[in-house]
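Q: After the structure tokens below, expect a handful of questions from me.
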Amino acid sequence: MGTRSLTKVIETYKDTKGKPKKSNLLCMYKQYDGYPSYHGKELAKFLEDMVIVNGIGLADERKIANGMGCLSAQLISHFKTEVGNIYIYPPDSQRDWEDYEYIIEGSSEKEIKVKVNNFEDKTIFKGSVKEFNNFCDEV
């Protein structure tokens, strides 16, 4: 039996009136090894030093994603390496029987934040990528 998880990517932005909005871009289902000490650690490593930008500079040597949509595509490319285990669900899918839910939220104006909910739908972590990495080491 696997430890199932959802990984969601949410873009934050301001509408034309300057009001904060959120858009669900991705919901990735992982069939097994969804524990924070495994998949969480993989996510933390993937997100480590990632900078969300709005436009790509030719000489930019940082680890970048050109917006949260680009980050979503990179995330799928990084994790989907074989048949099975990783599946894409509709972006607005809700956690049901998955053991963990990882929510990656950000924009080109703010640092990436991560939130983790457990099987009881309780938030067990919320913070920066660096704090998330430390959390995954401790669980």
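Q: Cα-Cα pairs above 26 Å in the chain: how many percent? If you can, show how the numbers build up before the last one.
A: Working: 1968 of 9591 pairs.
Tail fraction, whole percent: 21.
Q: Now for a different question. Can you compute the label reach from Asn54? Point 7 Å from Cα along the Cβ direction, backbone N cut-off under 15 Å, restricted to the range 83-120.
A: Those under the cut-off are 106-111.
Q: Could you check what % of the DSSP bridge pairs in the range 51-125 are antiparallel, to the nearest 5? Mind showing how you got there, number by number?
A: Numbers: 8 of 10 bridges.
So the antiparallel bridges in the range 51-125 amount to around 80 percent.
Q: Under the rule of -39500 (n - 2.57) per DSSP H run of 4 or more residues, summed and divided by the residues of the chain, what mean residue ellipticity at 222 nm is obtained, to the nearest 500 deg cm²/dmol? Don't jump to the answer; show the numbers that get you there.
A: Working: 3 runs with 29 residues, N = 139.
Mean residue ellipticity, 222 nm, calculated: -6000 deg cm²/dmol.
Q: Related question: For helix 129-138, report the angle its Cα long axis makes with the longest principal axis of the Cα atoms of the chain; keep it between 0 and 90° and round to the nearest 10°.
A: Roughly 20 degrees, rounded to the nearest 10.
Q: I would also like to ask the following. Would you mind checking Lys63/Lys126; Lys17/Lys45; Lys30/Lys63 for any pair whose Cα atoms are more than 27 angstrom apart? Intermediate values should be presented prior to the final figure.
A: Values: Lys63/Lys126 23 Å; Lys17/Lys45 36 Å; Lys30/Lys63 24 Å.
Flagged as over cut-off: Lys17/Lys45.
Q: Can you tell me how much longer the chain between Lys110 and Asp33 gets when fully stretched, taken as 0.36 nm per residue apart minus their C-alpha distance, in nm with one decimal?
A: Using 0.36 nm per residue and subtracting the Cα-Cα distance, I get 24.8 nm.
Q: While we're on this one: If we sort 90-97, 52-59, 110-117 on the protection proxy, mean other Cβ atoms within 10 Å, highest first, what's the order?
A: Numbers: 90-97: 11.6, 52-59: 9.8, 110-117: 17.9.
The most tightly packed comes first, giving 110-117, 90-97, 52-59.
Q: Hey, another quick one. Based on alpha-carbon centroids, what's the gap between the range 125-139 and the range 38-112 in Å, whole number please?
A: What the calculation gives is 16 Å, centre to centre.
Q: In what sequence, highest mean first, do 13-21, 72-80, 99-107 appear when ranked by Cβ atoms within 10 angstrom?
A: Values: 13-21: 8.6, 72-80: 16.1, 99-107: 20.9.
By packing density, highest mean first, the sequence is 99-107, 72-80, 13-21.
Every number in this text was worked out from the coordinates using simple rules, so none of it is lab data. Just so you know, these numbers come straight off a predicted model, no measurement behind them. Glycine gets a Cβ as well: all are built from the backbone with ideal geometry, and neighbour counts include every protein chain shown.
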